[in-house]
1. Can you tell me, using C-alpha contacts under 8 Å and at least 6 residues apart, the relative contact order of region A:15-254 as a whole percent?
2. Report, for the protein assembly as shown, the % of DSSP beta bridges that are antiparallel, rounded to 5.
3. Could you work out the mean count of beta carbons from other protein chains within 10 Å of each residue's beta carbon in B:221-231?
4. For labels at residue B:301 and residue B:367 in the simple 7 Å Cα→Cβ model, what's the distance in nm?
5. Each label point is 7 Å from the Cα along the Cα-to-Cβ direction; what then is the distance between the points at residue B:378 and residue B:257, in nm?
6. Which FRET efficiency value, to the nearest 0.05, is calculated for residue B:122 and residue B:158 with the Förster distance at 22 angstrom and r the Cβ-Cβ distance?
7. Apply the a/c threshold of 1.5 to the C-alpha gyration tensor of the protein assembly as shown and tell me whether it is rounded, prolate or oblate.
8. Can you give me the convex hull volume of the Cα atoms of region B:266-391, divided per residue and expressed in Å³?
């Protein structure tokens, strides 16, 4: 049996999700825009799923735009805000802690004439609020910040970001990349005060291929995908009732389970580190002391993260080195470097991420395997 | 009309082989064998030789000639190949066949220009070569005046006519790899990493007729299994030129750890190279390869300075061929693109040379530096251990 500790990269669909998705694929195949009865049945299923999804995410169903995933949602938020004609300047504020979906979209927007400012991180891995304060002295077209960092679990504080915006530049919309936040920390859209909030289904038990962008009615946004005018014109393309139903089923479990997961993950994290300590394995925790508990970034002394990932993989234990999206490019790690870690520490970084389906036995086995690998392979 | 019957076969032209003297038969037999083996994978063909050419004849009309021609032109020793119409008969048959053949070359969307080039090997044939060209050209124009025009300088296509004991028509000439048939140039062991250079080096030696085995040093978990898969993928691409290829995968992890613990960091790269060469040489002896082949190019990296190469050669009791030694990296990249290995080579997985690299490796090591760095190291034990941990993958 394998031990999966890479839930930040992707998750295994739960039995309820598989059952719902399989059944709906077989039964709800008509196009929800079709006027006949089968189409109306599909539409009804879709509307029901949308209602449930919106409820879990804390927004009105009208605020929900279903997309193909986190990257599309983020692209839509950034391009849809900055490229539309507006009185706000084409100036984008992001941080050094962003995922590639934001970072690379911002770089592309620069080629289209937008100005991008990349705010520094504190040693705790969150955006430097003083820098944001200074940056907001000039008007900006959008603030886009990651809510839970995918590499360290560091959590930006939406309340303080919103307060700064309200005080200094009240017209500037805020987008939070919340892909790693849903199900890991409590969050509701309507209470957050932000304008746009993105998310991705496969990070919390839904299949890959569905994500969402939540839009506050006051936020004007251009569509990224044009066509048949589905989703009130915000996102054309035939809607996918089975996938929406699978997402609703995943959220049914993940959102109410947020607190329980945090508790479990926190104890797993402590258990793992205690076992490393007991064996004399030398490591540095890269995640800040307060964080989204399911994500734990650690760097092992004298051992490349990639080497440890390979060694554990041979034992069917799966963790990540750096971020799964960037680990194959052989570059340094921008986020960890921005937090002030030196090159050797960055090179040794791995990310271990827990789900409520993990067991204490699995954590013991993983710790034992890490200790063995470190003793054999590390040259501190 | 029975006189319009022809067979479609592939004509392969041989290059350098035809210059061979008494050995020519040996080279030709090997080439026929190599082509036949390649064709067996895709269908049912015979390979027949007449003078300096080979005829590849399908056993029935179910065979895929396009696929066959692609196989034939990737075999070293073939200069070019053409799909040809072959038939017997006199002038009348030739003219009728030529018209039918030209019709297959026309394009419904536009008028194409053509010319005819003829060669007459059979001097009994009543017309000379220029006369054949002109009669065939006239017949084609008379039959297809709306589809074709004549342009003897820059035609869209050329109808080639060859009159020997049979008559052949063809228009397409596909370039081959040239070189010499694999198996006529001895047997070498290629040190294959995941990089750009070593597959090209292997290709170059195979093009001179050398039969290859490959050895890859795998240092799991320092190098990932994806790196191993990448090396096998590169070897698989090489088989298009080399035919069957065995990759010997050496489990190198413990040696790498021993070297790392034992040697000064600035000598680690050289000592690692020397260990790889020792193991490769012993493996070569075992499989009866007479030479090692590497993708090294002078001055490319720290381990490829003259001093470094001399230090590594010193531990090997056989020649080391380095076909890329004087090539510019850009030329190697061009070759890698041409033979189809480049895209795979640049996949970003660590190879074992890049795992334990000192910031400033010694670029001009002397033999005594190397000997000193290896002092007290159980070289024989480590080499034996490596030889006992080899996995063979036959591609």
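Each reported figure results from applying straightforward, stated rules to the coordinates on display, with no laboratory input. For clarity, every value in this text was computed on a predicted model and none was experimentally measured. Every residue, glycine as well, gets a Cβ built from its backbone with ideal geometry; the counts of neighbours run over all protein chains shown.
1. Numbers: 473 pairs, mean separation 66.6, N = 240.
Dividing the mean separation by the residue count of region A:15-254 yields 28 percent.
2. On the way: 53 of 97 bridges.
Of those bridges, close to 55 percent are antiparallel.
3. Details: counts 14, 7, 3, 7, 3, 2, 1, 0, 0, 0, 0.
For peptide B:221-231, the averaged partner shielding equals 3.
4. Output for this residue pair reads 2.6 nm.
5. Calculated label separation equals 1.4 nm.
6. Values: r = 21 Å, r/R0 = 0.95.
So, using R0 = 22 Å, E works out to roughly 0.60.
7. Values: a/c = 2.55, a/b = 1.44, b/c = 1.77.
Oblate.
8. Values: hull volume 16.9 nm³, N = 126.
For region B:266-391, the hull spanned by Cα atoms encloses 134 Å³ per residue.
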